[in-house]
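Step one of this worksheet: look at the structure below.
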Amino acid sequence: MKKRFAALLILLAVPVYAYVNDALSFAHEAAVPYVKKGFSVREDAWGGDLGVKEQQAVTAQLFKGNEYWFALGTEVKGAVVTLHIYDSKGKLAESEAWQKGRFAGARVVPQKTGTYYAIITVEKSPQERTGWAVVYAYK
Amino acid sequence: MIKNIRLIFALAIAAGLAPCGAQAVPESIDLSKFPAAEVEDVVVPVPSEIFAVLDKLGSPNWRGELRESLGKNTGNRAQVALLLGTVIAEGFIAVEAEDPTKVQEIGREVLVLAEAINVRKAVIARSKSITEKADAKDWKAVRREFDGALQDVRGAMQELGDDELAQLVSIGGWLRGTQVLTSIVSKDYSPDGAELLFQPELLTYFTNKLDSLKSTRLGKDQLVAQIRKTLTAIRPLIGKDDGTKISADSVEKINKMTGEMVAAITQSKEA
């Protein structure tokens, strides 16, 4: 399964498997501030692994009227990952985003109900492959 | 004011948080350059994501949307998986209705249905927690437990090699959630409410899954065939990328179709 992920430059929304469990705990850690702000974090998540400078997109169905935070985490110490949200036409849709080493986040207030894409990038990493996981929260 | 801005920046730097504005984030990207254009798997939204918007648009009568009967288990595994999905969706409706008795009944039923498809162990703790949190009227926590129950059931099915059956749980939940969404929007139509139905990738994902079932038994299942047909019929009604509004007529049609499917899944006359 891991090889399968490695072969994909883009992975559209895969369930999180055991090997990204560590990354998932970091993604949840990145989402903690939003729980405190009244957001509900989904139990479902996306995950995979990437080489340095590789990107993946995950697809999300978002609803106008809600506000969302996407939170990305990796278990790899020293890695730098980024996350940005685009609409179905490829336009940047986030209203804010942040990055801190192995964590990143982006906030979206959808102007339309529909499909959005979270683009995940591993900018730097001491490892050849970097596991990642993304969770999202809504309110 | 400037002092405040400086203070915010200083705090941000101290916290090590870098706003991404500091880096060059492309304003647009060419999605077609990403090689896998089609959806393989998707995180299916839970009904409460949609219900949260409906609550902001008006004051739906959630109690009026609850079904009296949760449905009958026929022993057919496909039907049980679909039924489990509708029952979990019912849980989200009962949470909106803030009905602890119904929530507890649903929590118990989730356990019974999970047992019928050999994944009881995965949801014992969730079922117990649903009961306790409903008792405490901690609705946010109950919502989280239903979401967790859905993931735990699907995860356990996947571990047993029943990935396709796990998809049916999601589809059952989506059908019941959409039935309720369309029922509420039909009662007080607004384009904003109807726009919640614009879920093209999700619908494509579900139909692709049903079109590519490897299990011959599931592929030939009459209920699964009916659902496949219904999803295909719903697709043109949920709107287009050009932003065409979803009409009141389309909302009613989708309500009828999803209602018939939920009735077929639950083996009840209540549509």
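Quick notes on this structure:
- Residues of the stretch A:105-123 satisfying the condition of being hydrophobic (A, V, I, L, M, F, W, C), in a strand (DSSP E or B) and under 29 Å from B:R235 (Cα atoms): A:V108, A:A118, A:I119
- Residue selected from the stretch B:39-84 under the condition within 14 Å of another protein chain (Cβ to nearest Cβ) and small (G, A, S), by the criterion farthest from B:V153 (Cα to Cα): B:G58
- For B:D152, the conditions (1) farther than 19 Å from B:I234 by Cα; (2) touching a residue at least 60 places away in the same chain (Cβ under 8 Å) are fulfilled apart from (2).
- Subset of the stretch A:99-109 (residues that are surrounded by 21 or more Cβ atoms within 10 Å (Cβ to Cβ) and either within 11 Å of chain B (Cβ to nearest Cβ) or touching a helix residue (DSSP H, G or I) at 6+ places or on another chain (Cβ under 7 Å) (or both)): A:Q99, A:R102, A:F103, A:A104, A:G105, A:A106
- Filter pass, A:W69 being facing another protein chain (nearest Cβ under 8 Å) and closer than 21 Å to B:V25 by Cβ: no
- Looking only at residues in the stretch B:157-169 that are part of a helix (DSSP H, G or I) and either free of Cβ contacts under 8 Å to residues at least 40 places away in the same chain or at the interface with chain A (Cβ under 10 Å from one of its Cβ atoms) (or both), the one that is surrounded by the fewest Cβ atoms within 10 Å (Cβ to Cβ) is B:E159.
- Which listed residue, of B:E68, B:E105, B:E98, is at negative phi, in a loop (DSSP other than H, G, I, E, B), of a type in the set (D, E) and surrounded by fewer than 24 Cβ atoms within 10 Å (Cβ to Cβ): B:E68
- Meets criteria (crowded, with 24+ Cβ neighbours inside 10 Å and over 12 Å from the mean Cα position of the chain (by Cα)) for A:L50: yes
- Selection from the stretch A:92-114 of residues that are in contact (Cβ under 8 Å) with a residue 60 or more places away in the chain and in contact with a Ser or Thr (Cβ under 7 Å, 6 or more places away or on another chain): A:R102, A:A104
- Within the stretch A:66-94, tally of residues that are farther than 15 Å from A:R107 by Cβ and touching a helix residue (DSSP H, G or I) at 6+ places or on another chain (Cβ under 7 Å): 4
- Summed over the stretch A:80-121, the residues that are touching a Gly at 6+ places or on another chain (Cβ under 7 Å) and modelled with pLDDT of 95 or more give a count of 7.
Here is a yes/no grid of residues against (1) in contact with a helix residue (DSSP H, G or I) (Cβ under 8 Å, 6 or more places away or on another chain); (2) of a type in the set (F, W, Y); (3) under 16 Å from B:G172 (Cα atoms):
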{"site": "B:I184", "(1), (2), (3)": "yes, no, no"}
{"site": "B:T216", "(1), (2), (3)": "no, no, no"}
{"site": "B:T232", "(1), (2), (3)": "yes, no, yes"}
{"site": "B:K253", "(1), (2), (3)": "yes, no, no"}
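- The listed residue being among the hydrophobic types (A, V, I, L, M, F, W, C), more than 7 Å from chain B (Cβ to nearest Cβ) and in a loop (DSSP other than H, G, I, E, B), out of A:V58, A:V32, A:V52, A:V81: A:V52
- Residue in the stretch B:186-203 that is among the polar types (S, T, N, Q), part of a helix (DSSP H, G or I) and either within 14 Å of chain A (Cβ to nearest Cβ) or free of Cβ contacts under 8 Å to residues at least 60 places away in the same chain (or both) present: no
- The set of residues in the stretch B:253-271 being surrounded by 16 or more Cβ atoms within 10 Å (Cβ to Cβ) and touching a residue at least 40 places away in the same chain (Cβ under 8 Å) consists of B:I254, B:N255, B:T258, B:G259, B:M261, B:V262, B:A264, B:I265, B:T266.
- Pairs, first within 14 Å of chain A (Cβ to nearest Cβ) in the stretch B:221-246, second surrounded by fewer than 13 Cβ atoms within 10 Å (Cβ to Cβ), C-beta under 7 Å, six or more apart: B:K245/B:P191
The values are calculated or read from the model by the stated rules, or taken from the named source; none is laboratory data. As the structure is a prediction and not an experimental result, all values here were calculated from the model. Counting neighbours? That spans all protein chains shown, and the Cβs are built from the backbone with ideal geometry, glycine included.
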